[in-house]
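Worksheet: the structure to be examined is printed underneath.
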Amino acid sequence: MRNQPCLKTIVMVLLRTKKRTSAGNDFSQVEQQKAPKRKLKEFDDEISSGSEDGDLPPPVKDLPDSSDEDETAQEKKMRLTKKYLEQLQTVHAKDDSDNEKDVVGDILKEDVLEKAGRLQRKIADLCVQPSEDNITRLRGHKLSVTCLAVSASKGVLFTASKDCSINKWCLNTHKKLFTVKGTKPKPNQKAHSAHVLSLALTTDFKFLASAGKDKIILVWNPDTMEYVHTFRGHRNTISGVAFRLNSTQLFSSSHDRTVKVWDVGIMSYVETLYGHQESVEACDSLTRERCVSCGGRDRSARIWKIVEESQLVYHGHTGSIDCIRYINEEYMISGSDDGSICIWSIMKKKPIVIIRDAHKDEKKNNWISSVAALPNSDLLATGSSNGLIRLWKCSDKFLQLLPLFDISACGFVNDLRFTDKGNHLIAAIGQEHKLGRWWSIKSARNSTMIIPLKQNI
């Protein structure tokens, strides 16, 4: 009978604890009802990179589908694998080559090599020099064409100019589809008020980003060319923008010596990357969460590892590095105003290939104003201030760079882009260099060149 008081005591304590807990829950529910709801900022609000975390809206998360709630991790993997194999079978069905060829196996092998950064498709030997009659020139800008973005799958081309405008073209008919005209500087401007220097497209064709001397990044709907959003934060000219492949992550380089990271999926600023000692002239990105940039007069190229929060620094040019592009995840190409082009491996701080005076003519050495690389292939292109476009072939393991042929383009070659499969090379041509007015080529035409690269297949 001595245990009875103990049991009564325990029961009383439990009852008191239950009452206090229920009362606390009721109190918290009343507080939640009384707490005012925080209003999210509208989608078109401008976000400054210098704003505090408390001023930013919370990230918007997609609600899960009801079909995915009961799906286990193993079932999801199985579903995604089946979907991927169906896509491969579709590609295999469309292939008209030898039936004994293992197309699915080749695609899987290419995917593995691409993710490892070691894929090098042999495209250069399939290209031949086009005749002058086969080159198309699009004219729609009043001043020098400075940059371009292309989507061959959608059949459209975007060009921008020093006249502050952006043009949308049809690649098949070569007709102008839409024009976004420039505007005067104002607080809530929805167009550019100064030279547009860079364009970038997302892989899924949902967003087009443009930037330039007015220090802002404008986001557009590439289908309708409607204004979507404005990013502010850079303190000087924005020289380049680049989207990470299959992502909404956006990188921007500026003459304020910084590289900034944005996310157009939630329309927010992410972070600022510091390290360059001079104006950052260009940036580029591929699949990995990394960005490569060139620092102009500080003569350095840098790879920014976002996840690791670190950077790799490379030196090799003797002049200002004005342009840079990824070849694949392991190699990149850069051009300088000293007339040289360099091939870099991310594993070495010095270039593995240097070609001095890459565009030298009888009169003088010409600076390299633009470079282009067909991703995961051996095909490269460079443009210079003397209006010459030169195509190059990379040897195995990128140990040698061999010239293929030249294409004459009267004027400054301000930008170069390959279409997805390398069927065409697009060039932005102007009377002046996109970054200044050191001299003008009066005989040049402000135009966009569409150069077919006929393949010997």
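Taking a probe of 1.4 Å, how large is the accessible area per residue of the range 321-457, in Å²?
Values: 5380 Å² over 137 residues.
That works out to 39 Å² per residue.
Estimated at the nearest 10 Å², the accessible area of residue 244 is 50 Å² with a 1.4 Å probe.
Sorting the segments 180-189, 369-378 by their mean number of nearby beta carbons within 10 angstrom, highest to lowest, gives 369-378, 180-189. Rounded to whole Å, the principal axis extents of the Cα atoms in the range 330-424 read 36, 30, 19, largest first. Stokes-Einstein diffusion for the range 289-448 at 25 °C, viscosity 0.890 mPa s, with a Kirkwood radius from C-alpha pairs, works out to 154 µm²/s. Annotation: amide H of residue 182 within the under-5 Å range of 165, sequence separation 5 or more or interchain, hydrogens built in the peptide plane. Once ligands and nucleic acids are excluded and a 1.4 Å probe is used, how much of residue 175 is accessible, expressed in Å² to the nearest 10? Approximately 130 Å² of residue 175 is accessible to the 1.4 Å probe.
How much of the accessible area of the range 125-254, probe 1.4 Å, is carbon plus sulfur, in whole percent? Here it works out to 46 percent.
Which order do 76, 168 take by accessible area at a 1.4 Å probe, largest first? Walk me through the intermediate numbers first.
Numbers: 76 100, 168 20 Å².
Correct descending sequence by accessible area is 76, 168.
Of 86, 71, the order by accessible heavy-atom surface (1.4 Å probe, DNA, RNA and ligands excluded), from most exposed downward, is 86, 71. For residue 341, the residues whose amide H sits under 5 Å from its own are 355, 358, ignoring neighbours fewer than 5 places away on the same chain, with H placed 1.01 Å from N.
Please report the carbon-and-sulfur percent of the accessible area for the range 258-343; probe 1.4 Å, protein heavy atoms only, DNA, RNA and ligands left out. Of all accessible area on the range 258-343, carbon and sulfur atoms account for 42 percent. By a 1.4 Å probe calculation restricted to protein chains, residue 312 has an accessible surface near 50 Å², given to the nearest 10. Considering the range 124-452, its Cα convex hull presents a mean projected area of 15.2 nm².
The values are calculated or read from the model by the stated rules, or taken from the named source; none is laboratory data. Here the structure is a predicted model, which means the values were calculated and not measured. Counting neighbours? That spans all protein chains shown, and the Cβs are built from the backbone with ideal geometry, glycine included. Only protein heavy atoms, including side chains, enter the accessible area calculation; ligands, DNA and RNA are left aside. Shrake-Rupley method; radii C 1.70, N 1.55, O 1.52, S 1.80 Å.
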